[in-house]
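Data block below; observations after.
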Amino acid sequence: QAAAAVGHPGVCAWIALVETACVAPGMRVLIQGGSGTVGAQAIQLAKHLGALVSATARRQNASYVERLGADEVIAFDEGGDAGRARFDVVLDTVGGETHRRSYAALRAGGVLVYLRAAPIDETPARMDVRTLLARIDDRREVLERVLTLAAEGVLRPQVGLTLPLAQCAQAHRRLEARTHGLGRVVLLAREGGNGPLHKESNV
(Lines give C-alpha, C1' and ligand atoms only; values in the text may rest on other atoms or scores of the structure.)
Protein backbone atom coordinates (compact mmCIF):
# COMPACT_ATOMS: atom_id res chain seq x y z
CA GLN A 1 0.00 0.00 0.00
CA ALA A 2 2.78 2.42 0.89
CA ALA A 3 4.70 1.67 -2.32
CA ALA A 4 1.56 2.13 -4.41
CA ALA A 5 0.82 5.48 -2.76
CA VAL A 6 4.29 6.99 -2.88
CA GLY A 7 5.72 5.44 -6.06
CA HIS A 8 4.61 7.48 -9.06
CA PRO A 9 3.97 10.79 -7.20
CA GLY A 10 7.40 10.46 -5.62
CA VAL A 11 9.00 9.83 -9.01
CA CYS A 12 7.28 12.92 -10.41
CA ALA A 13 8.53 15.02 -7.51
CA TRP A 14 12.08 13.64 -7.81
CA ILE A 15 12.35 14.26 -11.55
CA ALA A 16 10.89 17.77 -11.21
CA LEU A 17 12.89 18.96 -8.21
CA VAL A 18 16.14 16.97 -8.34
CA GLU A 19 16.75 16.23 -12.00
CA THR A 20 15.04 19.23 -13.64
CA ALA A 21 15.21 22.14 -11.17
CA CYS A 22 18.35 20.97 -9.30
CA VAL A 23 17.01 22.17 -5.94
CA ALA A 24 19.77 22.83 -3.41
CA PRO A 25 19.88 23.79 0.29
CA GLY A 26 18.70 27.31 1.03
CA MET A 27 16.67 27.72 -2.15
CA ARG A 28 13.16 29.14 -1.88
CA VAL A 29 10.71 26.74 -3.54
CA LEU A 30 7.01 27.20 -4.24
CA ILE A 31 4.83 24.14 -4.81
CA GLN A 32 1.65 24.98 -6.71
CA GLY A 33 -0.99 22.47 -5.63
CA GLY A 34 0.55 21.39 -2.34
CA SER A 35 -2.33 19.17 -1.24
CA GLY A 36 -2.32 17.11 -4.44
CA THR A 37 -0.65 13.70 -4.66
CA VAL A 38 2.47 15.01 -6.43
CA GLY A 39 2.48 18.24 -4.44
CA ALA A 40 2.44 16.34 -1.15
CA GLN A 41 5.53 14.35 -2.09
CA ALA A 42 7.21 17.44 -3.56
CA ILE A 43 6.85 19.35 -0.27
CA GLN A 44 8.48 16.54 1.68
CA LEU A 45 11.26 16.07 -0.87
CA ALA A 46 12.03 19.80 -1.12
CA LYS A 47 12.34 20.00 2.67
CA HIS A 48 14.65 16.98 2.62
CA LEU A 49 16.79 18.79 0.04
CA GLY A 50 17.15 21.74 2.42
CA ALA A 51 14.84 24.20 0.69
CA LEU A 52 12.53 26.76 2.26
CA VAL A 53 9.15 25.57 1.05
CA SER A 54 5.93 27.46 0.37
CA ALA A 55 2.85 25.74 -1.03
CA THR A 56 -0.55 26.77 -2.33
CA ALA A 57 -3.69 24.99 -1.13
CA ARG A 58 -7.27 25.60 -0.16
CA ARG A 59 -7.69 26.98 3.35
CA GLN A 60 -9.41 23.76 4.47
CA ASN A 61 -6.28 21.82 3.50
CA ALA A 62 -3.78 24.21 5.10
CA SER A 63 -3.13 22.11 8.21
CA TYR A 64 -2.56 19.02 6.04
CA VAL A 65 0.04 20.87 3.97
CA GLU A 66 1.72 22.19 7.12
CA ARG A 67 2.00 18.64 8.46
CA LEU A 68 3.78 17.67 5.27
CA GLY A 69 6.47 20.22 6.17
CA ALA A 70 5.60 23.41 4.30
CA ASP A 71 7.11 26.51 5.92
CA GLU A 72 4.33 28.66 4.45
CA VAL A 73 0.85 27.84 3.17
CA ILE A 74 -0.81 30.22 0.71
CA ALA A 75 -4.61 29.84 0.71
CA PHE A 76 -5.45 30.62 -2.91
CA ASP A 77 -9.20 30.35 -2.33
CA GLU A 78 -8.98 33.26 0.11
CA GLY A 79 -7.05 35.46 -2.29
CA GLY A 80 -3.65 34.39 -1.01
CA ASP A 81 -0.83 35.43 -3.31
CA ALA A 82 2.65 33.96 -3.63
CA GLY A 83 4.18 37.41 -3.89
CA ARG A 84 6.56 38.66 -6.52
CA ALA A 85 10.09 37.75 -7.50
CA ARG A 86 10.99 35.82 -4.34
CA PHE A 87 11.28 32.16 -5.39
CA ASP A 88 14.21 30.35 -6.95
CA VAL A 89 12.00 27.46 -8.13
CA VAL A 90 8.28 27.12 -8.74
CA LEU A 91 6.85 23.65 -9.32
CA ASP A 92 3.51 23.90 -11.11
CA THR A 93 1.42 20.75 -10.74
CA VAL A 94 -1.82 22.54 -11.73
CA GLY A 95 -1.42 24.26 -15.11
CA GLY A 96 -3.80 26.74 -16.72
CA GLU A 97 -4.08 30.12 -15.01
CA THR A 98 -1.87 28.90 -12.14
CA HIS A 99 0.94 28.37 -14.64
CA ARG A 100 0.63 31.92 -15.93
CA ARG A 101 0.60 33.39 -12.42
CA SER A 102 3.69 31.41 -11.47
CA TYR A 103 6.00 33.60 -13.52
CA ALA A 104 5.47 36.61 -11.28
CA ALA A 105 6.60 34.65 -8.21
CA LEU A 106 10.05 33.88 -9.67
CA ARG A 107 13.16 35.92 -9.10
CA ALA A 108 15.31 36.75 -12.12
CA GLY A 109 17.18 33.61 -13.12
CA GLY A 110 14.63 31.37 -11.40
CA VAL A 111 13.15 28.15 -12.78
CA LEU A 112 9.51 27.29 -13.46
CA VAL A 113 9.13 23.51 -13.65
CA TYR A 114 5.78 22.14 -14.71
CA LEU A 115 3.82 18.95 -15.20
CA ARG A 116 1.09 18.72 -17.82
CA ALA A 117 -1.88 18.76 -15.43
CA ALA A 118 -3.95 21.26 -17.47
CA PRO A 119 -3.45 23.10 -20.78
CA ILE A 120 -0.20 25.07 -20.76
CA ASP A 121 0.64 28.19 -22.74
CA GLU A 122 4.06 27.24 -24.06
CA THR A 123 5.04 30.89 -24.66
CA PRO A 124 7.22 32.11 -21.77
CA ALA A 125 5.81 35.17 -20.00
CA ARG A 126 9.32 36.27 -18.99
CA MET A 127 12.68 36.00 -20.68
CA ASP A 128 14.75 36.26 -17.47
CA VAL A 129 13.60 32.88 -16.10
CA ARG A 130 13.76 29.32 -17.38
CA THR A 131 10.63 27.28 -18.09
CA LEU A 132 11.20 23.52 -18.06
CA LEU A 133 8.89 20.58 -18.57
CA ALA A 134 9.57 17.74 -16.13
CA ARG A 135 9.69 14.73 -18.42
CA ILE A 136 8.31 11.92 -16.30
CA ASP A 137 9.71 8.46 -16.82
CA ASP A 138 9.21 5.77 -14.15
CA ARG A 139 12.79 4.59 -14.40
CA ARG A 140 13.79 1.83 -12.04
CA GLU A 141 16.69 3.75 -10.50
CA VAL A 142 14.47 6.74 -9.69
CA LEU A 143 11.73 4.54 -8.23
CA GLU A 144 14.34 2.79 -6.09
CA ARG A 145 15.56 6.15 -4.74
CA VAL A 146 12.00 7.20 -3.94
CA LEU A 147 11.18 3.93 -2.18
CA THR A 148 14.41 4.18 -0.18
CA LEU A 149 13.39 7.65 1.01
CA ALA A 150 9.98 6.26 1.92
CA ALA A 151 11.57 3.41 3.88
CA GLU A 152 13.69 5.99 5.73
CA GLY A 153 10.60 8.01 6.61
CA VAL A 154 11.59 11.00 4.46
CA LEU A 155 8.64 10.56 2.10
CA ARG A 156 5.43 9.58 3.87
CA PRO A 157 2.74 7.88 1.74
CA GLN A 158 -0.51 9.84 1.57
CA VAL A 159 -3.49 7.49 1.20
CA GLY A 160 -6.94 9.01 1.00
CA LEU A 161 -8.96 5.86 0.29
CA THR A 162 -8.31 2.11 0.07
CA LEU A 163 -10.70 -0.16 -1.83
CA PRO A 164 -10.61 -3.71 -3.22
CA LEU A 165 -9.91 -3.97 -6.94
CA ALA A 166 -13.49 -5.17 -7.51
CA GLN A 167 -14.69 -1.67 -6.53
CA CYS A 168 -12.63 0.05 -9.23
CA ALA A 169 -15.73 1.74 -10.68
CA GLN A 170 -16.62 3.17 -7.28
CA ALA A 171 -13.06 4.44 -6.91
CA HIS A 172 -13.35 6.31 -10.21
CA ARG A 173 -16.68 7.82 -9.15
CA ARG A 174 -15.16 8.97 -5.87
CA LEU A 175 -12.23 10.52 -7.74
CA GLU A 176 -14.49 12.34 -10.19
CA ALA A 177 -16.65 13.63 -7.34
CA ARG A 178 -13.53 14.48 -5.27
CA THR A 179 -14.91 12.62 -2.26
CA HIS A 180 -11.91 10.32 -1.78
CA GLY A 181 -10.12 12.58 0.68
CA LEU A 182 -6.56 13.84 0.44
CA GLY A 183 -3.98 11.44 -0.92
CA ARG A 184 -3.91 8.47 -3.28
CA VAL A 185 -6.75 6.08 -3.97
CA VAL A 186 -5.24 2.61 -3.62
CA LEU A 187 -6.85 -0.48 -5.12
CA LEU A 188 -5.98 -3.80 -3.47
CA ALA A 189 -6.03 -7.00 -5.51
CA ARG A 190 -6.09 -10.21 -3.50
CA GLU A 191 -6.06 -13.82 -4.59
CA GLY A 192 -8.80 -16.06 -3.29
CA GLY A 193 -10.86 -13.48 -1.48
CA ASN A 194 -9.15 -13.28 1.92
CA GLY A 195 -5.86 -14.60 0.61
CA PRO A 196 -2.52 -12.82 0.83
CA LEU A 197 -1.89 -9.47 -0.79
CA HIS A 198 -1.02 -10.12 -4.40
CA LYS A 199 -0.48 -6.67 -5.84
CA GLU A 200 -1.47 -3.06 -5.34
CA SER A 201 -2.25 -0.37 -7.86
CA ASN A 202 -3.38 3.22 -7.64
CA VAL A 203 -5.50 5.61 -9.66
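In region 55-143, if the dipole is taken from +1 on Lys/Arg beta carbons and -1 on Asp/Glu beta carbons about the Cα centre, which of 85, 95, 110 is farthest to the positive end?
110
Probe radius 1.4 Å, ligands and nucleic acids left out: which of 131, 148, 56 has the largest accessible area, and how do the rest follow? Before the final figure, lay out the partial values.
On the way: 131 45, 148 70, 56 15 Å².
Largest to smallest exposure gives the sequence 148, 131, 56.
If you bin every alpha carbon distance in region 1-155 into 10 Å steps from zero, what whole percent lands in each bin?
12, 45, 35, 8, 0
For the pair residue 59 and residue 148, how long in nm is the line joining their label points, each one 7 Å along Cα→Cβ?
Result: 4.3 nm between the two label points.
The values are calculated or read from the model by the stated rules, or taken from the named source; none is laboratory data. Computed from a predicted model, the values in this text were never measured in an experiment. So basically every Cβ, Gly included, is an ideal-geometry build from the backbone, and we count neighbours across all protein chains shown. Surface accessibility is based on the protein's heavy atoms, side chains included, excluding ligands, DNA and RNA. Shrake-Rupley method; radii C 1.70, N 1.55, O 1.52, S 1.80 Å.
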